[in-house]
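Below: one structure, written as structure tokens.
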Protein chains: 2
Amino acid sequence: MSAADLAYHRGMGRWEPNGRGRLAQAALDLYVERGFDQTTVAEIAERAGLTERTFFRHYADKREVLFDGAATLQQLMVDAAAAAPEAASPLEATAAALDALGEMFDGRRDFALRRHSVISVNPELQERELIKLARLTEAIAATLRERGVGEPAASLTAQAGIGVFHVSFQRWVAPGETRKLDELMREGLEELKAVIR
Amino acid sequence: MSAADLAYHRGMGRWEPNGRGRLAQAALDLYVERGFDQTTVAEIAERAGLTERTFFRHYADKREVLFDGAATLQQLMVDAAAAAPEAASPLEATAAALDALGEMFDGRRDFALRRHSVISVNPELQERELIKLARLTEAIAATLRERGVGEPAASLTAQAGIGVFHVSFQRWVAPGETRKLDELMREGLEELKAVIR
DNA sequence: ATAGGCGAGGTCAGCGGCTGACATCGAGCG
DNA sequence: CGCTCGATGTCAGCCGCTGACCTCGCCTAT
């Protein structure tokens, strides 16, 4: 057993707590160290002191371990959009969801950068990211519909909002960028308004 | 050998022409008949009168066979956007690309519906579709940049355009819908303008 | 206290997607 | 006629992922 492994399960027995968390940590570390393709699930499990089979009990596939937070994130945004004043326009309610998102990311910039460095060089992972974003878009559209917005207005507004997030996020993680995510998103939203006309 | 197989390689020797096309046809047919997950690559190859190894020489993976047209489509849209009058706004150039797309799809509605029926029930295939759409968005953004549009305006405009296409496409393939795709897209674009304000 | 439930984890076998290495076929060309 | 060359075939093997079944040890009810 390598020295690195010890940091993960020194003295851990079969029932050491938080196996799921250990798997997530081991996976991200290995993906960063050697790349996603060069990491096998057996290696992740070994570093976490578990077996390959157990990895698949916690995560549906090798990619999903990087997208665990998506559900929480979605709930955060949906709640924010739903909590917007009744008089708020669809776009304003969506902007409220973006604000909640920005707040969350700005506190976790290091993690976001690490994670992004893995995803940005792997098409399979980009695919997974895109479908999470699409499901998020659909959730926001559903929230807007509950607020009385019709179709296709609800879907188009949600897509515009997530589109602004996506473009802003790319700028936020670009080397040399110092502005905060919510500032970039606000700027992006204004730019979108200017260009759609 | 089944009767169905004969339709694909009746009398075909090793060098019968258009192996690639036969693989694509066999794949779509099988995906429609039994579903994507229930179809093995070996079965596709067998129906096309080839071997599994040959399938992977033509297509990078089992999903890619459904997305062969993406490059052509991208070229079509990029050309249309680049050919827009110099005086056209970014959004107008993007709308020209959408027009080209609409024309193409309206002539192939049966194929589009068949293909969509397979993709719509399979998350893996949706992931692939989304990344193709994202690459298409990036290509249009690049074209807009060549037309002198800055960032983030170029990316935001391209995303809005593809967003309109995506929403409109969903409506176009919905049961009971009778309008043409380009009509739906024009309507979507107006709706987007109304909601972004 | 102890039996048994039960949930987290382990073991084993196997399928199918995908790849590298190497052999073979057949068309066209000198 | 023999050669080259691109398309295909053959074979072996890794790894992602799954089903079926077993084991461990905590918790609770009696």
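The values are calculated or read from the model by the stated rules, or taken from the named source; none is laboratory data. Since we're looking at a predicted model, the values are computed, not measured. In this analysis, Cβ positions are derived from the backbone assuming ideal geometry, glycine residues included, and neighbour counts consider all displayed protein chains. The protein model used for the area step is the full one, side chains on, heavy atoms only, and it has no ligands, DNA or RNA in it. Shrake-Rupley method; radii C 1.70, N 1.55, O 1.52, S 1.80 Å.
Odds and ends about this structure:
- One residue from A:D79, A:D99, A:D106 being of a type outside the set (A, V, I, L, M, F, W, C) and modelled with pLDDT under 95: A:D106
- Test: residue in the range A:96-110 that is in contact (Cβ under 8 Å) with a residue 24 or more places away in the chain, surrounded by 15 or more Cβ atoms within 10 Å (Cβ to Cβ) and not in a helix (DSSP H, G or I): no
- Within the range A:24-52, the set of residues being farther than 20 Å from A:V121 by Cβ and of a type in the set (D, E) comprises A:E46, A:E52.
- The lone exception for B:H116 - which of (1) open to solvent by less than 40 Å² (accessible area, probe 1.4 Å); (2) in contact with a helix residue (DSSP H, G or I) (Cβ under 6 Å, 6 or more places away or on another chain); (3) away from chain A (no Cβ under 13 Å) it fails: (2)
- Top-ranked residue in the range A:143-167 [being among the β-branched types (V, I, T) and over 18 Å from the mean Cα position of the chain (by Cα); ranked as farthest from the other protein chains (Cβ to nearest Cβ)]: A:T143
- The number of residues in the range A:168-197 being closer than 17 Å to A:H116 by Cα and either assigned to a loop (DSSP other than H, G, I, E, B) or within 12 Å of chain B (Cβ to nearest Cβ) (or both) comes to 11.
- Each residue in the range A:42-51 was checked for being more than 7 Å from DNA strand C (Cβ to nearest atom) and free of Cβ contacts under 8 Å to residues at least 12 places away in the same chain, and 1 pass.
- Of all the listed residues (B:A71, B:A45, B:A24), the sole one being assigned to a helix (DSSP H, G or I), within 10 Å of DNA strand D (Cβ to nearest atom) and either of a type in the set (A, V, I, L, M, F, W, C) or surrounded by 15 or more Cβ atoms within 10 Å (Cβ to Cβ) (or both) is B:A45.
- Checked against (1) of a type in the set (A, V, I, L, M); (2) in a helix (DSSP H, G or I); (3) surrounded by 14 or more Cβ atoms within 10 Å (Cβ to Cβ), A:A84 passes all but condition (2).
- Odd one out for B:P90, checked against (1) closer than 30 Å to B:P175 by Cβ; (2) at the interface with another protein chain (Cβ under 10 Å from one of its Cβ atoms): (1)
- Single unsatisfied condition, B:R63 versus (1) among the basic types (K, R); (2) buried (at least 18 other Cβ atoms within 10 Å of the Cβ); (3) free of Cβ contacts under 8 Å to residues at least 12 places away in the same chain: (3)
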